[in-house]
Amino acid sequence: MSDMSSRVLTGILGGTGLYEIDGITNVREVQRITPFGRPSDAYIIGEIENTTVAFLSRHGRGHRLLPAEVNYRANIFGFKELGVERILSVNSCGSLKEEIHPLDIVLSDQFIDRTHRKNSFFGDGIAAHVAFADPVCPDVAGILYDAARDLGLRIHRGGTYVCIEGPTFSTRAESNLYRRWGCDVVGMTSVTEAKLAREAEICYATMNLVTDYDCWREEEEGVSVEMILENLRRNVDHAKSVLKRAIAALAAERNGTCGCGDALRCAIVTNPDLIPEKKKNELWPIIHKYIT
């Protein structure tokens with residue numbers, strides 16, 4: 001159960017190239033073991049712009065975990081136990097449209113899931129079905145957009161992110177298929193986090209750092225790790241600047257207009273009397289409002 005006296009309201013999920021946050025002060029590390037196992041790394045708790053935040057490296061410090069190896073459930077559940085109400089996610093991605101250039105930022109607001117991962121906290125005696133038509137919190141996305149725009153960065157608000165299993169990049173046939181579907185960017189992580197954050201009633205928005213044109217643009221070389229890392233080095237600093245400005249603009253408490261904080265209302269369909277006690281205890285930080 002969360003220690004409400006030490007709640008941290010804002011979480012940051014860093015991806016490829018973003019393993020730490022500059023300027024964070026009063027730092028301490030928090031290790032957690034959740035009902036779903038260990039998160040990717042310790043949570044780094046500290047202050048940015050006079051706001052206490054929890055930072056987690058999605059792939060672990062030193063980038064040890066493949067996208068399919070990340071324990072997404074433990075990562076999001078750990079944030080919930082810390083009291084986090086909003087997660088600002090940073091991901092690298094490939095562009096599927098000519099007008100979305102490498103080094104641009106895309107604030108995806110829709111997803112297509114091509115993965116085969118554990119993407120729900122529910123099951124094992126408790127069933128729930130959350131609404132996911134609009135998977136990104138518009139309030140948090142709006143704050144990220146305003147921060148990037150005020151910094152003069154190239155940013156696209158909205159777009160569809162197709163999430164592939166990885167770790168290999170797409171074939172040209174797959175890349176062109178995603179373009180025909182109308183997708184804007186391709187990545188390997190974000191949709192799983194978004195689904196779990198919604199179940200945990202945490203606001204979630206993802207800032208996608210475009211590194212390449214995937215492999216559909218045949219006049220250019222196909223995507224490579226070297227290309228990705230070079231472009232990431234150039235725009236991770238931009239992402240850090242956006243995060244700092246956005247964190248400073250976040251209100252102390254959610255105002256509730258986005259609806260993320262009540263996502264489980266009417267979503268749990270199992271009779272509370274039939275939910276196993278073990279499962280009730282495991283999911284207490286998420287479900288306690290609805291079964292007591």
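Read-outs: derived from the displayed coordinates by stated rules, not from any lab. Everything quoted here is computed from the prediction, not taken from an experiment. FYI the Cβ positions are ideal-geometry reconstructions off the backbone, even for glycines, and counts take in every protein chain you see.
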What are the equivalent ellipsoid semi-axes of the range 32-93, built from the alpha-carbon gyration tensor (square roots of five times its eigenvalues), in whole angstrom, biggest first?
19, 15, 10
Taking R0 as 35 Å, what's the FRET efficiency between His288 and Asp146 from their Cβ-Cβ distance, rounded to 0.05?
0.55
Would the range 108-225 count as rounded, prolate or oblate if I go by the C-alpha gyration tensor, calling it rounded below 1.5 in a/c and otherwise prolate when a/b exceeds b/c, oblate otherwise?
oblate
Have a look at the DSSP beta bridges in the chain and tell me what percent are antiparallel, nearest 5.
35
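Can you tally the net charge around Glu49? Count Lys and Arg as +1, Asp and Glu as -1, for every other residue whose Cβ sits under 13 Å from the Cβ of Glu49.
+1
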Euclidean distance of C-alpha centroids, the range 35-61 and the range 136-179, integer Å:
23
For n ≥ 4 DSSP H runs only, could you compute -39500 (n - 2.57) per run for the chain, divide by its residues and tell me the 222 nm figure to the nearest 500?
-8500 deg cm²/dmol
If you rank Val136, Val269 by fewest surrounding Cβ atoms within 10 Å, what's the result?
Val269, Val136
Can you tell me how the range 161-218 classifies by the Cα gyration tensor, rounded, prolate or oblate, using a/c under 1.5 as the rounded cut?
prolate
Of the residues Gly142, Ile76, Ala128, the Cα lying farthest along the dipole of the range 8-291 towards its positive end, which is defined by charges on the beta carbon of Lys, Arg, Asp and Glu, belongs to Ala128
Local electrostatic count at Cys183 - Lys and Arg +1, Asp and Glu -1, tallied over other residues with Cβ under 14 Å
-3
Once phi is turned into ³J(HN,Hα) by the Karplus curve 6.51 cos²θ - 1.76 cosθ + 1.60 with θ = phi - 60°, what whole-Hz value does each residue of the range 258-267 show in order, with x for glycine and proline?
6, x, 4, x, 10, 5, 8, 4, 6, 8
Unsatisfied cross-links (Cα-Cα over 20 Å) in the set Lys80/Lys278; Lys80/Lys240; Lys118/Lys279
Lys80/Lys240
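For Trp284, Trp181, what ranking results if the residue with the fewest other Cβ atoms within 10 Å of its Cβ goes first?
Placing the least packed residue first, the sequence is Trp181, Trp284.
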Can you list residues whose amide H is under 5 Å from Cys258's amide H, if they're 5+ apart or on another chain and H is modeled 1.01 Å from N?
none
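Starting from the Kirkwood Rh over alpha-carbon pairs, what translational D in µm² s⁻¹ does the range 162-292 have by Stokes-Einstein at 25 °C and 0.890 mPa s?
Translational D for this selection: 133 µm²/s.
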When the Kirkwood radius is taken over all Cα pairs of the chain, what Stokes-Einstein diffusion coefficient follows at 37 °C and 0.692 mPa s, in µm²/s?
170
Quick one: Tyr145, Tyr72, fewest Cβ neighbours within 10 Å first, how do they rank?
Tyr145, Tyr72
Amide H partners (placed H, <5 Å) of Phe111, local residues excluded
Tyr161
Out of every Cα-Cα pair in the range 66-110, what percent are more than 14 Å apart?
65
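Assigning unit charges at the beta carbon (Lys, Arg +1; Asp, Glu -1) and nothing else, what dipole magnitude in debye, to the nearest 20, does the chain show about its Cα centre? List each step's numbers first, then the result.
Details: 34 positive and 40 negative charges, 134 e Å.
Here the chain has a charge dipole of around 640 debye.
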Kyte-Doolittle mean at least -1.0, axial Cα span of 20 Å or more - DSSP H helices of the chain:
225-249
